[in-house]
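The block underneath contains the structure these notes are about, expressed in structure tokens.
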Amino acid sequence: MSKRLMRITPKTSEQKALGLIIDELIDSKKPDVADAIYFCAIPHWFDEKILAWLRDEGREPAERTGAILAELAELAFVSRGNRGYVYDKNVRNRLLRDWRENTELLQNFQELSGMMAAYYADKLQKDELSEEQRAEWEREEMYHLLVADEGRGIGLFINLVNRASQLYQLSTFDLLLGLADEQAVNLSVSNRPWIRFSEGELAWLCGDWEKALKIWEALEGERELMSTNLAKTLADHLSFLYKNKGEWDKAIGCFKHSLEILEKAGDERGMAATFNNLGFLYKDKDQWEEADKCFQRSLEILERVNDERGMADIFNNQGLLYKDKGEWEKAIECFKHSMEILEKAGDERGMAATFNNLGFLYKDKDQWEEADKYFRFNLEILERNGDERGMAATFNNLGFLYTDWEKWEEAYECFQRSLEILEKVGDKRGIANTYSYLGFLYRDKEKWEEADGYFQRGLDILGKMSDEHGMATVFNNLGFLYKHKGDSKKAVDYFQRSLNILEKVGDEMNATTALYHLALLYEGMERYDDAVEVLMKVVNICDRVGHPDLEIRRSREILERIKEKAASSKNASDQ
């Protein structure tokens with residue numbers, strides 16, 4: 001037994017003993033095999049092609065590479081996996097720690113990680129891949145870039161988690177976080193917070209608002225270490241979270257803090273975007289003048305930096321503001337300003353979005369033919385550009401229009417067209433939402449069983465996705481369905497199930513909305529004491545944090561009305 005192994009005693013820790021055994025093994029091998037043992041700890045798995053690439057042989061392995069691989073395959077800590085050979089987790093972690101902690105090896109580690117990133121980039125470019133394989137190779141490229149080229153690696157990480165977020169691919173999001181976390185020790189202090197921020201975003205998507213808030217508020221204390229981009233992104237996300245919780249002052253404070261960061265960094269375009277977000281916040285709060293001021297500030301900045309395309313977006317947003325206020329002519333004027341810029345720039349996708357907004361404007365005005373015309377203009381552009389998800393959304397919008405128009409067959413056809421597209425692109429959340437839209441259609445036709453069936457189909461999909469927020473929305477929709485049907489008992493049950501989820505995930509605003517509708521249902525059932533008890537909770541929340549819905553903010557008036565009914569009912573029963 002060697003002197004090194006004789007140092008292992010019953011008191012030696014497992015980690016230290018493992019290190020001594022690995023060192024002994026590597027020293028007993030030929031130099032090229034010893035190097036390969038270290039090389040193959042860098043990827044998650046390896047085969048002859050990967051080993052050849054790490055030995056700088058390109059796509060064609062040399063004969064010696066095959067012999068080395070055969071020798072590695074015989075090692076006790078190497079096993080055969082789905083893709084190729086894999087190391088025992090503890091052994092791989094020990095070898096990676098050597099790479100990361102030995103300053104003499106660190107540069108070589110970065111170079112080899114760069115080679116692995118190039119390997120996956122080469123496969124992405126040259127190989128015919130399924131969508132699943134392409135996504136896996138992109139994740140592996142990102143993983144190695146985080147060591148080899150941190151800026152590009154973080155950029156790719158952000159792009160991939162944003163895509164996973166948009167497509168509601170929560171398992172993919174979680175995989176990306178796990179991969180990034182493996183490399184976190186190698187990241188700079190300015191980039192490491194991106195991983196924690198993304199953990200909060202995943203919690204948000206999963207409906208765990210309290211966890212998201214805890215993570216993001218903790219990150220607030222690290223602002224000085226962050227990049228300007230992350231500091232702004234964090235402030236924006238906190239603002240949206242506070243807004244959805246009804247904590248308006250905190251939400252406004254976050255956006256204003258974001259403006260301070262951007263002004264200090266001289267990022268005028270970032271300031272314009274933040275004024276735009278602040279405008280939407282004031283719009284949701286029904287503070288129309290403040291919203292308009294923020295949109296105007298954004299326009300002034302974009303005009304100063306000669307960003308006409310950005311100005312088109314703000315004109316669109318101002319149009320939405322005036323539409324919601326019922327100032328139709330001003331809204332149309334803003335949409336036309338936007339359209340002029342977009343036509344000049346040849347931006348068809350932007351034009352499609354503006355046509356869509358005009359469609360909703362005329363729908364709100366009950367000018368059905370005009371609304372139909374603009375939605376169809378939008379659809380033509382999206383079809384020409386191959387934007388299938390956009391087409392699905394527009395077919396849904398046409399379905400809403402025909403439902404309001406009571407053109408039931410046309411509405412059904414549009415929702416079905418949307419479903420066909422969403423099934424083709426694999427958008428499960430979109431499918432679940434469209435089933436709900438079909439539920440609304442049959443509810444308006446008073447075909448209760450068909451409506452229930454579509455809501456239940458959407459609920460089943462959302463349950464499999466663990467989308468608790470989405471499930472709460474469908475339970476709420478079912479509550480309204482049975483309220484319209486006159487089945488108050490079932491309606492109460494569904495409203496209560498929605499409320500339970502919303503309270504569990506900390507969504508105070510939507511929970512307040514559910515309480516409000518539950519109170520009105522109790523009033524209709526002449527359960528006045530229950531209605532008063534529930535509505536008192538609504539009034540207390542509105543007094544404390546407010547609510548974006550004007551009707552709900554007037555709950556105190558409704559409470560007094562119900563109290564009077566309760567007193568009259570009690571007097572009648574006493575006589």
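Any read-out appearing in this document is the output of simple, stated calculations on the displayed coordinates, not a laboratory observation. Model, not experiment: these values are computed from the prediction. Cβ coordinates were reconstructed from backbone atoms using ideal geometry, including for glycine residues, and neighbour counts include every protein chain displayed.
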**Study point:** Glu503-Asp543 pseudo-label distance in nm [points 7 Å out on the Cα-to-Cβ vector]
**Key:** 1.9 nm
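Need the full-extension length gain, Gln296 to Lys563, defined as separation in residues times 0.36 nm minus the C-alpha distance. One decimal, nm. Before the final figure, lay out each step's value.
Details: separation 267, 0.36 × 267 = 96.12 nm, distance 4.53 nm.
Here the answer is 91.6 nm.
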Review point. When the chain is fully extended, how far beyond the present Cα-Cα distance does Glu210 get from Glu74, taking 0.36 nm per residue of separation?
Key: 44.0 nm
Practice item. Starting from the Cα of Asp27, step 7 Å along the direction of its Cβ; do the same at Glu308; then give the gap between the two resulting points in nm. Key: 7.3 nm
Revision key, fill the gap. The whole-number value in µm²/s of the Stokes-Einstein translational diffusion coefficient for the chain, with Rh from the Kirkwood sum over alpha carbon pairs at 4 °C and 1.567 mPa s, is 46 µm²/s
Exercise for review: Output the peptides 237-248, 208-219 sorted from most to least packed, where packing is the average of other Cβ atoms within 10 Å over each peptide's residues.
Suggested key: 237-248, 208-219
**Study point:** Pairwise FRET efficiency - Glu260 versus Arg59, Cβ, R0 = 30 Å, nearest 0.05
**Key:** 0.05
Practice item. List the GluC sites (Glu not before Pro) within the range 345-441 that fall in a DSSP loop (any state other than H, G, I, E or B) and whose Cβ has at most 13 other Cβ atoms within 10 Å. Key: Glu406
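Any idea what the dipole of the chain comes to, in debye rounded to 20, about its Cα centre with Lys/Arg Cβ at +1 and Asp/Glu Cβ at -1?
Roughly 1340 debye, rounded to the nearest 20.
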Point to revise | Within the range 408-493: Cβ-based charge dipole about Cα centre, in debye rounded to nearest 20 (Lys, Arg +1; Asp, Glu -1) | key: 220 debye
**Study point:** Near-label residues of the range 43-66 by backbone N, under 16 Å of a point 7 Å along Cα→Cβ of Leu105
**Key:** 43-44
Practice item. Go ahead and estimate [θ] at 222 nm for the chain from helices alone: -39,500 (n - 2.57) per DSSP H run with n ≥ 4, summed, over the residue count, rounded to 500. Key: -26000 deg cm²/dmol
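Between Trp288 and Glu551, 0.36 nm times their residue separation minus their Cα-Cα distance comes to what? If you can, show how the numbers build up before the last one.
Numbers: separation 263, 0.36 × 263 = 94.68 nm, distance 1.68 nm.
Once the chain is fully extended between Trp288 and Glu551, it gains 93.0 nm.
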Exercise for review: Calculate, for Lys336 and Ala67, the FRET efficiency according to 1/(1 + (r/R0)^6) with r their C-beta to C-beta distance and R0 45 Å; round to the nearest 0.05.
Suggested key: 0.05
